[in-house]
Structures are given as structure tokens and as C-alpha cells.
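Let me begin by presenting the structure, written as C-alpha cells, before commenting on it.
Readers should treat all values here as calculations from the given coordinates under stated rules, not as data from a laboratory. Note that the structure is a prediction, hence the values are computed from the model and not measured. FYI the Cβ positions are ideal-geometry reconstructions off the backbone, even for glycines, and counts take in every protein chain you see.
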Amino acid sequence: MRTDICDRLGIEFPIFAFTHCRDVVAAVSNAGGFGVLGAIGFSPEELEIELNWLDEHCPDAPYGVDIVIPGKYEGMGELDPVKLEAQLTSMVPDDHRRFARRILEEHGIPETPKDQQRSGMMGWTEATGKPLLAAALRHDKVRLIANALGTPPSDVIAEVQASGRLIGALAGSVKHALHHKEAGLDFIVCQGTEGGGHTGEIGSLVLWPEVIDAVHPLPVLAAGGVGTGRQIVAALAMGAQGVWTGTLWLTVEEAETAPGQLKSLLEAKSSDTIRSKSYTGKPCRMLKNDWTEAWGRDDTPDPLPMPLQMMVAIDAVGSGHRYPAQSKDVAFNPCGQIIGRATRVRKARDVIYELVEEYVEVVDRLAESAKVTT
Ligand SMILES: Cc1cc2nc3c(=O)[nH]c(=O)nc-3n(C[C@H](O)[C@H](O)[C@H](O)COP(=O)(O)O)c2cc1C
């Protein structure tokens, strides 16, 4: 299972785990995989705390940080970074706010008290992503930076590479992957449509080899739908240097998934997800619910572009924690189709070991059958 990227990062298994939970990052990295902490949702100060904790809990293992600097977003390059939040807030039409409120009211979710309201801006702009990157680069154990939703700016690429770390980005099409390659990135995470979170339209089985061939010899990590050792064999057989997983870690013991959300995820089938713009403004795979259905209808407002839609959806997103009983049908549950195989809670370390065990069994079986037929 060892590939070049394992040697470059000093890890045993080329199994990358994207997660928002530091405990999952630590468990995966300490088990020989590579944990990647999603920085979105943390302020730079909060991220610093998480990374200090990780440095302490990953004594002998490296880990990565994922930031989100979209290639395209509303107001990009035009807004004043200092007044960004206020300017973006003023761009949200009242109609959208009213429609969102109506859906929440129908589900018994009251308005958030003024002093607890959040703008929902998230770290989805260059101005908010860069301070997160600066925090990550202060930590030696952070050996890899990944960027979602576009090619990172050239100064970001230069800064990360000059620090001796690898920088890569997610791609959901050959076009995006070639753009990343031209910009000089060190690796590409190639995500098929079945993956959780922001995702393109082409399935992994078609997209992985297409991108691997197009960007050769750049290392590609195969993402979207990986949850078994068999799928890792398939990814490596196609020429990927590893797998990049996300959904798999939502239901592990170490994840800070709220009990109601965990129940929905464990009960979900592979057919229960949808690609929807209704929370983030860009196509994102998640569990279907009343909120995704309401924004998908022809007679309702179209979701706003990123980052404005999250400013409309923030109360729905937050409702999962504040109103676990009522929020089932409006809460944001990003996950991929492989959620259908998550039927029980396991320890992250056991997930890694089970993946590796199945990988070895399958490779042995294939080697055995090759002997028989030759
Ligand atoms: C809950 C969730 C949130 C995600 N958020 C991000 C993110 O902030 N940045 C990012 O690069 N990828 C994000 N992703 C995508 C993952 O990095 C990964 O590419 C994807 O989960 C792989 O497909 P899988 O879900 O089938 O394993 C997210 C995925 C999930 C499930």
C-alpha cells in the first residue's frame, strides 16, 4: 500500500482523512494514516488552540490542514476586507431571509436571539482563509495544506512550498485539475460526484483515471465514495497515490457529531443524499431533507451565490445543536453516498485497520487468481 506520497509525508498508509474534529485527526494520524483538519468554521485563534492540542496528541505523526479559498465568490476582489462582513450582509435580499425564516418556523425553530446571531460568513474568502493558513504554518507537524473550491492564489502556493510543506487542492473535473497543475500544486485530490461536501458531476470510476492521466506525473489522491479496502485497491490500481476520505469519519467514536445528526447519518442509505446549493451557494452533497427540497422547487427563491447563501442558512445549520428534536428536517448534514455503509459507530483507529486488512485480503486474492489463470 505504500506509495511515494507516504515517503514524502512519513506515513505508513496513504489513507487521508478529512474531518473537522481534532480527535479524529489525531486518531487517524497515530494509526498510520494522515488526518487533515478542516479549518473552516474556526477563527484563527480557535484554530491555534486546535493545532496546539494536535501537536501534543500526535507526538510522532504529521497531519494536515484544509482551508477554503474559493476560486470564485460573490464580491471577490471588490470588497474591502475590513468591512467584508457588513458589506456581504447588506447584499442578502430580504426575500431570501424571509423564505428561510418561514421554513424554520414551519419546523418549530424560533428566531435566534440577537445577541447569539452569527453572520454565517465562514472562512470562505481569501481574506478569511489567509489568517487560518498563517496559523497552520506556525505548526511544524502540519506537513500538508489542502484547499477546497479552487486553485489557491499563487502567493499562498509559494509560501507553503517555501516552508517545505506540500500543497494541493480538490478538483471535481479534468479542467480544474489541469488548472491546479499549471499553478504548480504538489498533488491533486480528485473527487467524484458521490463524495460528501462540495462536489462535481462526474462519478469517481470515470473521473479518477481521467484526471490521473491528464495530470500525470502529478500525484493524485482519489476521493468520493471510498469506504472499504476494495475501493482503495481500485483507486491505487487506477494509478492514484492514495485515497482522501471524508464521510467515513462522521460516524466514528471520536467525531463530535451531535446525537440527532449521528442517528440520521447511521440510518441513511446511499440513495438519501443530494447535491444542493441550499446551504452554501455551491453544489454540495448532503442528506436530503425539507430544507433542500424547499430551495430546490421552481416556485421558491434560487439559492444565492457563495458566501451569501450561508448567511441565509446559518440558523438552519446552527439548529442541529440548539434544537436537536425539531431540526432533523432542516439541519445541514453534508455527507457522501458511502454513508449507506456507515451503520455502526467504530473507533477511527479500527476503521483504518479494517481498511488496511481488507486491502491486503483483496490484493492477495487478486495475486492468487492471477497465478491460477497464468
Ligand atoms: C461533512 C463534510 C464537510 C466537508 N468540508 C470540506 C471542507 O471544508 N474542505 C474540503 O476540502 N473538503 C471538504 N469536504 C470534502 C472532503 O474533503 C472529501 O473530499 C470528501 O468527503 C471525500 O468523499 P467521501 O465523503 O465520499 O469520502 C467535506 C466533506 C464532508 C463529508
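Normalised by the number of residues in segment 1-69, what is the relative contact order in percent for Cα pairs under 8 Å and 6+ residues apart? RCO, segment 1-69: 32 percent.
Note on segment 1-152: Rg/Rh from Cα positions, Kirkwood definition for Rh, rounded to two decimals, is 1.07.
With K and R counted +1 and D and E -1, the other residues having a Cβ less than 13 Å from that of T151 yield a net charge of -1. Over what distance in Å are the Cα centres of segment 150-174 and segment 43-62 separated? Their Cα centres are 21 Å away from one another. Between the amide H of H198 and those of R285, distances stay under 5 Å, these residues lying 5 or more places away or on another chain, with hydrogens modeled in the peptide plane.
With R₀ fixed at 35 Å, the C-beta to C-beta distance from K141 to L266 puts the FRET efficiency at about 0.65. Reducing segment 93-116 and segment 201-266 to their Cα centroids gives an inter-centroid distance of 35 Å. Take the Cα of E357, step 7 Å toward its Cβ, do the same at E182, and the gap between the two points is 4.7 nm. Taken along the Cα-to-beta-carbon direction at a fixed 7 Å, the label points for L366 and N52 span 4.6 nm. Between E256 and D213, the C-beta separation translates, for a Förster distance of 35 Å, into a calculated FRET efficiency of about 0.35. Here the alpha carbons of the chain define both size measures, Rg and Dmax, at 20.3, 72 Å.
Maximal additional length on extending the R346-E201 stretch stands at 49.2 nm, based on 0.36 nm per residue less the C-alpha distance.
Its relative contact order, with pairs defined as Cα atoms under 8 Å and 6+ residues apart, puts the chain at 18 percent.
Ordered by the number of other Cβ atoms lying within 10 Å of each residue's own Cβ, fewest first, I339, I11 fall into the sequence I11, I339. Once every Cα of segment 215-374 carries one equal point scatterer and solvent is ignored, give the base-10 log of I(q)/I(0) from the Debye formula at q = 0.10, 0.13, 0.18, 0.20 Å⁻¹, two decimals. Once normalised to I(0) and log-transformed, intensities are -0.47, -0.73, -1.11, -1.24. Spacing of the modelled spin labels on T89 and S119, each 7 Å from Cα toward Cβ, amounts to 0.7 nm.
Between R2 and D60, what length in nm is gained on full extension when 0.36 nm per residue of separation is reduced by their alpha carbon distance?
Stretched out fully, the R2 to D60 stretch lengthens by 19.1 nm.
Basic side chains Lys and Arg get +1 at the Cβ, acidic Asp and Glu get -1 at the Cβ, and with that the dipole of the chain about its Cα centre reaches some 460 debye. Taking other C-beta atoms within 10 Å as the exposure proxy, W249, W53 rank W53, W249 from fewest upward.
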